[in-house]
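Worksheet: the structure to be examined is printed underneath.
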Amino acid sequence: MGQTKQLLVAVLGAVALLAASTTLATSAAAHDPTNEDSLKGRHYDGHISDLSPGGVPMQALSNERCRGGMAADLFPCHKVDLASFLPLTDIGATFLNDVWGWEDPQTGMQLAIVGSFEGTVFVDVTDGGEPVYLGTLPTAAPSDPRGNIWGDIRVYENTAYIGSEAIEIPSLSGHGVQIVDLTQFRGATAPIDVVQGGHIADVTQSHNLSLNVESGRLYVAGAVLAVSECQGGGGASLIYDVASDPLDPTYLGCLTGAGYNHDVQCVTYRGPDADYHGDEICIGSNEAVLAIYNATNPANPEVLSILTYLDVPFFNEDLGAPNYYTHQGWLTEDQNYFFLGDELDEFFGGHETRNTYIWDLTDLDNAELIGVNQ
């Protein structure tokens, strides 16, 4: 593909591989897994229609140029060509929730790792125009009719970690975190029986995963019903060492002290605040607040800041829903700024447009909201 970059996107109806000169980011969705009327996923019925939820036919496509703002007369585009499109029927799925990837350091194989309602799908996308389905690892909690709508995937070196909201009640024998040795796909040209190499079982369910590849720490976020030492954490992120033994992670501690972690980004800090250089700094998008932690000592993380950004109550009693929801964010490369996305503020929180909240992190103990980009 020359100097263009490949981008894999998971959508509700299929998997699309794009060839682009730009990069994009995606995020998971906020919800209440115990509420049948939650904002997302409530209409999922487990059946595939002739059209995807986005109105796209269940038909494979490849090498479609972007012309007149559309690729294959189906996908809106701008300077992005459609390398390929795999419908759900081609990968044995009824619903997709996340996508991650892995490049084999030995062979150069590029593997798409796609979360589905049925489990985790693996697709060889080395040739973007000719993706090859290589198999599915079944979900660890198949009896939950809705929990597998939400899941997350991260990769450390040659190992994938797979979390899901799925949980079996009252046993609390939920999905946990599945662990997969990705080297099993080397040389595969057709579907294989995907082998689970390990399992974090002291977590019942989780909403998100985050991984600092530099420190080799995995953060399991939103595990409300965790049965580990973090059981009282109310959905705070559980911390695991995956560097020592990627297939058998070691529990280290928990990001307590600032509520439920919907999403979290943890880095080895090299930003402008010299007080924390070299420390493990985490930024949590925690439903109602932005929280900054020093997790250098994972057994006893320190909360550096708890930050608010809207002058309205978090929960609207009349609506029976939050006025806003601190959803996700990302640090700039120099770790000077953090861009925060709120999921509900344009619906109930007084804003008429989608907003990105920009935080100045020059002083981690006194972070400052410096702008809102609408």
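The values are calculated or read from the model by the stated rules, or taken from the named source; none is laboratory data. Computed from a predicted model, the values in this text were never measured in an experiment. Backbone-built Cβ (ideal geometry, glycine too); neighbour counts: all protein chains shown. SASA here: full protein model, heavy atoms, side chains in, ligands and nucleic acids out. Shrake-Rupley method; radii C 1.70, N 1.55, O 1.52, S 1.80 Å.
Observations on the model:
- Positions within region 316-350 being out of contact with any Asp or Glu (no Cβ under 9 Å at 6 or more places or on another chain) and either under 17 Å from residue 261 (Cβ atoms) or of a type in the set (Phe, Trp, Tyr) (or both), in sequence order: 330, 331, 339, 340, 341, 342, 343, 347, 348
- Checking every residue in region 339-359 against the condition of being open to solvent by 30 Å² or more (accessible area, probe 1.4 Å), polar (S, T, N, Q), under 21 Å from residue 152 (Cβ atoms) and under 21 Å from the mean Cα position of the chain (by Cα) gives zero matches.
- Top-ranked residue in region 279-299 [being in contact with a strand residue (DSSP E or B) (Cβ under 7 Å, 6 or more places away or on another chain) and part of a loop (DSSP other than H, G, I, E, B); ranked as least open to solvent (accessible area, probe 1.4 Å)]: 295
- Candidates in region 316-338 are the residues that are in a loop (DSSP other than H, G, I, E, B) and without any contact (Cβ under 8 Å) to a residue 60 or more places away in the chain; of these, the one that is most open to solvent (accessible area, probe 1.4 Å) is 333.
- In region 269-277 there is no residue matching the filter, namely being open to solvent by less than 40 Å² (accessible area, probe 1.4 Å), out of contact with any helix residue (DSSP H, G or I) (no Cβ under 9 Å at 6 or more places or on another chain) and either assigned to a strand (DSSP E or B) or of a type in the set (Asp, Glu) (or both).
- The condition of being in a strand (DSSP E or B) and among the acidic types (Asp, Glu) does not hold for residue 144.
- Qualifying residue in region 274-292 (condition: under 15 Å from residue 258 (Cβ atoms), free of Cβ contacts under 8 Å to residues at least 40 places away in the same chain and of a type in the set (S, T, N, Q)): no
- Among the residues of region 179-210, those identified as over 14 Å from residue 247 (Cβ atoms) and not in a loop (DSSP other than H, G, I, E, B) are 185, 208, 209, 210.
- Residues of region 152-165 satisfying the condition of being touching a Ser or Thr at 6+ places or on another chain (Cβ under 6 Å) and over 18 Å from residue 242 (Cβ atoms): none
- Checked against (1) under 21 Å from residue 149 (Cα atoms); (2) surrounded by fewer than 21 Cβ atoms within 10 Å (Cβ to Cβ); (3) modelled with pLDDT of 90 or more, residue 178 passes all but condition (2).
- Filter pass, residue 188 being closer than 21 Å to residue 100 by Cβ and open to solvent by less than 10 Å² (accessible area, probe 1.4 Å): no
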